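The values are calculated or read from the model by the stated rules, or taken from the named source; none is laboratory data. Treat the numbers as computed from the prediction; the structure is a model and nothing was measured. Here the Cβ positions follow ideal geometry from the backbone for every residue, glycine too, while neighbour counts run over all protein chains shown. Accessible surface areas use protein heavy atoms only, side chains included; no ligands, DNA or RNA. Shrake-Rupley method; radii C 1.70, N 1.55, O 1.52, S 1.80 Å.
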Amino acid sequence: MLAFRICTALLLAVSVTACGGANDPETATPPTARDLLTAAVDFYGASRGPTGLYCDRLRFNGAHEGPASVATTGMGLVSLCVGDRIGVTGDARAQAATTVRTALALAQSRSQSGFFAHFVDLETGDRAGGSES
């Protein structure tokens, strides 16, 4: 699943970058690794909710859809690190701290063994639907 999310973000990044270039494929400049990384960081930034959790699905118009996902939130934290490293996320430390504080407060969304429910409400952190119930 992780590889699928990374490939999806990179494919989205390539298509967005390619669409923004020249219409002539012979004169279009191929995206650089930095372009791809920046687009992936932007993608995860767009899926970030106000609590620091990351939405599982994002519409092309930027609207959040569905619950937050613990997997997407993990990738969002990785994207903050990448964005900070390449200089495109100015407040990565504060954003990461918000996400970690929210995750630590999600006691109601953990199983008896301490694992997080995969899907939680983006705003409240409550277990979403019947996720691991």
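A few remarks follow.
- Of all residues making up segment 79-90, the number that are over 13 Å from Arg48 (Cα atoms) and either in a helix (DSSP H, G or I) or acidic (Asp, Glu) (or both): 6
- Options Arg48, Arg59: the member that is of a type in the set (Lys, Arg), under 24 Å from Ala105 (Cβ atoms) and within 13 Å of the chain's Cα centre (by Cα): Arg48
- Consider segment 100-125 and keep the residues that are part of a loop (DSSP other than H, G, I, E, B) and over 12 Å from Thr51 (Cα atoms). The one that is modelled with the highest pLDDT is His118.
- In segment 13-29, the qualifying residues are those that are hydrophobic (A, V, I, L, M, F, W, C) and open to solvent by less than 50 Å² (accessible area, probe 1.4 Å), and the one that is modelled with the highest pLDDT is Ala28.
- Within segment 31-71, being in contact (Cβ under 8 Å) with a residue 12 or more places away in the chain and of a type in the set (Val, Ile, Thr) holds for Thr38, Val41, Thr51, Val70.
- Test: residue in segment 61-80 that is touching a helix residue (DSSP H, G or I) at 6+ places or on another chain (Cβ under 9 Å), over 29 Å from Ala128 (Cβ atoms), modelled with pLDDT under 90 and among the aliphatic types (A, V, I, L, M): no
- All positions within segment 30-78 that are in a loop (DSSP other than H, G, I, E, B) and surrounded by fewer than 16 Cβ atoms within 10 Å (Cβ to Cβ): Pro30, Thr32, Pro50, Arg59, Phe60, Asn61, Gly62, Ala63
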